[in-house]
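One structure below.
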Amino acid sequence: MAVSTGEGPTRGGTDYTVSAATIRHWQDDELPEWFKKKRGSTRSLIVNRWVPRVMVGVPIAVLLFIVAYPTVQMAYYAFHDINMVSLFKGDYGLIGFTNFERVLTSDRFHGSVIHLIQYLFFGAVLQVVIGTALALILHHCVRNNAARLVILVILVMPMMLPPSIVGVLWRFLFNPSNGAINQALLDIGLIQAHIEWFQIGVSLWTITIADIWEWTSLPFLIVFSGRLGLPPSIYEAARVDGASPFLTLRRITLPMLKEVIAIAFIIRFMDAYKFVDKVYVMTSGGPAQSSELPAYIAYQRGVREFEIGEAAAYAWIIFLFAIILITLFLRYLKRVLRAQAIA
Amino acid sequence: MAEVRLSEVNKVYEGRGQQVHAVRDLDLVVEDGEFVSIVGPSGCGKSTTLRMIVGLEQATSGQILFDGDMVNDLDPQERNVAMAFENYALYPNFSAEENIGFPLEARGIPKQERRRRVHELAELLQIGNILHQHPNTLSGGQKQRVSLARALIREPAAFILDEVLGHVDGHLRFQMLFDLKRLHQSLDSTMIFVTHDQMEAIALSDRIAVLHQGRLVQSGTRDELYDTPATRFVADFIGEPPTNFFDARFVEEGGEETLRADDLALRPTAETAARLRSRDDRRYVVGIRPQNLLCTPRAGTISFDATIDIHEYLGERSILTLRRGGLSFQALASAEGSWAADEPITLHYRPEDIMVFDAESEALIA
């Protein structure tokens, strides 16, 4: 029979409200030993009220400087007739939406949007789909933790490489005349002649394959950790309830992972908008601009051709599209979470 | 409904180079329509036993039979048992209705039929008003009812209830005990109930199986367990407050054969004394239930004096913690009496209420 020893500070009555007056410094000799041991230092945890403000303030200032300032500056450029010549002359005038008009009406931009959509669907979406499938298969088929870790490390390896190096690597592999991939396909008899991997209509697919190879492991990791977080007892309940593995996947696993999968989508979609590296390294947008994406054109126009105003307009358009897409995603996430009464 | 029979079942967990023998040579029969509780302290193997019956764990050796058919190698999907889990294990992304209907969905029963049966059962369990809610918005008791409903929705060979009242508090627990009892009576189904709380087991079961350190110590009706506990452990585990135990010696004092523990001499019945006399041992463990230490004399009782240490008032009765010499023990007293600490008291017991256990094996001798 436990007899409580009512020693030490206790909360009086049922009044659990804490007012400023009830917060006080406990003297060291009033505190129990275990608490002092856990706490470590004898220094008070209460700090000057300016400490938290400074701690939050500094990162905010840095963010303002490296994010907000360039964004505003970019908006300024976007509305001015500014390129290398006018920049040096120092006379560039306000031209309103002309830069935006130029971008939105150009065939080059239209082409790149179609390329982007193709990349989103066959790059980003496939990465998430393959990554999810791999994660669930690994979780289902490999029960041993050590084996899981080994497979995990191997699968995540591509992501560890610098994107531009991956681009160079795959350019070699896809080299039409003496690349390993053509040679392999020839050797196993799948094709009779070399495939021109970098011709019009194929080059973007080639880039997409390289990108899938590199980035599938990110959604894979996200979904795998999400799957690990699902309570095992629910799966036991499903087995006892007589659910087949397929029904369990369709009705339980995937619905419970949908927030996690949505997050993987958000991350890959964000990256798609700023996808420049492999385009630059593998095809430079070619041939005949057939593998250009909006971010690559913005880079090309701004950094290579010094059409700063137009590049800024590109950047702003990409920015707005990204904002819209992410807002939709987040709203969806919030709805899902609210439906389950988590948020 | 079916008879569940465990025969020579063993379970050994292996991991990190060491073996844990969780269940040893377990023989247990749960007859068709019977309500059997498996009780024991944490880690006694009761949950492992139950998981083997359900099929979530493979028995290392032995046979598990449903109506005479061996089911050892069947998946839980194929065994047709229903289980309610300790932590509810509700599907968080489903509403209560979908949760309850899921076993039917898994059997391909059409939506209309599912709906009808879920609503019927929800009426029975009084959860009709929360069917549209998700588990996260339900209270513990509501979750438990939904989880029970999910188990009850189909007609399985047996219902397995794993600590289903573990997270339900006081008042609601009595309500749920009542509901379970009523359900068992109306469904006439085989139910196996696992709990660490002997009170629940006593309240619900036709028969109770007590597990201790992976072994079945005793199985029987509550009266059998209460009156003739097979070992000291059962005597300690069944009954609240727990039985008082004394290390005692069997001696002859002034022509009387007594069991002496410190300066307390307990008089066994003639029958018990005869049995003790025939043994070589002199050292025993004597047990007497607090309920059997009376404050008022009755026919055939023997008395001794003690001093009150602590008085716990429980409403309809009181628990007295007493001392006599170096011994400390408990007795149940009526609430009306006025008991104060450090006051003397005279206690009475009947010789036939004394339980004597072997000091070594802790088995009941008489």
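None of the figures in this text is laboratory data; all of them are computed from the coordinates on show. Since the model is a prediction, treat every value here as computed from it, not as a measurement. Backbone-built Cβ (ideal geometry, glycine too); neighbour counts: all protein chains shown.
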Handout entry: Positive minus negative residues near A:Thr98 (Lys, Arg vs Asp, Glu; Cβ under 14 Å)
Key = -3
Exercise for the section: State which entries of B:Lys46/B:Lys143; B:Lys46/B:Lys181; A:Lys258/B:Lys143; A:Lys334/B:Lys143; A:Lys36/B:Lys143 exceed 30 angstrom in Cα-Cα distance in the structure shown. Expected result: A:Lys36/B:Lys143
Fill in the blank from the handout: Those trypsin sites (Lys or Arg not before Pro) from segment A:35-117 that are DSSP loop and have at most 10 other Cβ neighbours within 10 Å turn out to be A:Arg43, A:Arg49
Problem - Between helix A:203-215 and chain A: long-axis angle, C-alpha atoms, 0 to 90°, nearest 10 - result: 20
Completion exercise
The helix A:217-228 Cα axis meets the longest alpha-carbon principal axis of chain A at an angle in degrees, between 0 and 90 and rounded to 10, of 30
Problem - Within segment B:7-114, trypsin sites (Lys or Arg not before Pro) in DSSP loop having at most 10 other beta-carbon neighbours inside 10 Å - result: B:Arg16
Practice task
Calculate the spin-label point distance for A:Met84 paired with B:Ile310, positioning each point 7 Å from the Cα along the beta-carbon direction, and give it in nanometres.
Solution key: 9.0
Problem - Dipole magnitude (debye, nearest 20) for the protein assembly as shown, charges at Cβ of Lys, Arg, Asp, Glu - result: 2900
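Among the trypsin sites (Lys or Arg not before Pro) within segment B:271-366, which fall in a DSSP loop and have no more than 14 other Cβ atoms within 10 Å of their own Cβ?
B:Arg279, B:Arg282, B:Arg298
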Practice task
Take the Cα atoms of chain B, find their three principal axes, and give me the spread along each one in whole Å, biggest first.
Solution key: 82, 47, 40
Exercise for the section: Within 10 Å, count the other beta carbons around each residue, average over each peptide in A:279-289, A:309-319, and list them highest first. Expected result: A:309-319, A:279-289
Problem - Distance between modelled label sites at B:Asp223 and B:Phe174, nm, 7 Å Cα→Cβ extension - result: 2.6
Problem - Whole-Hz couplings from phi, Karplus 6.51/-1.76/1.60, listed for segment A:162-171; x for Gly and Pro - result: x, x, 5, 5, 4, x, 4, 4, 6, 5
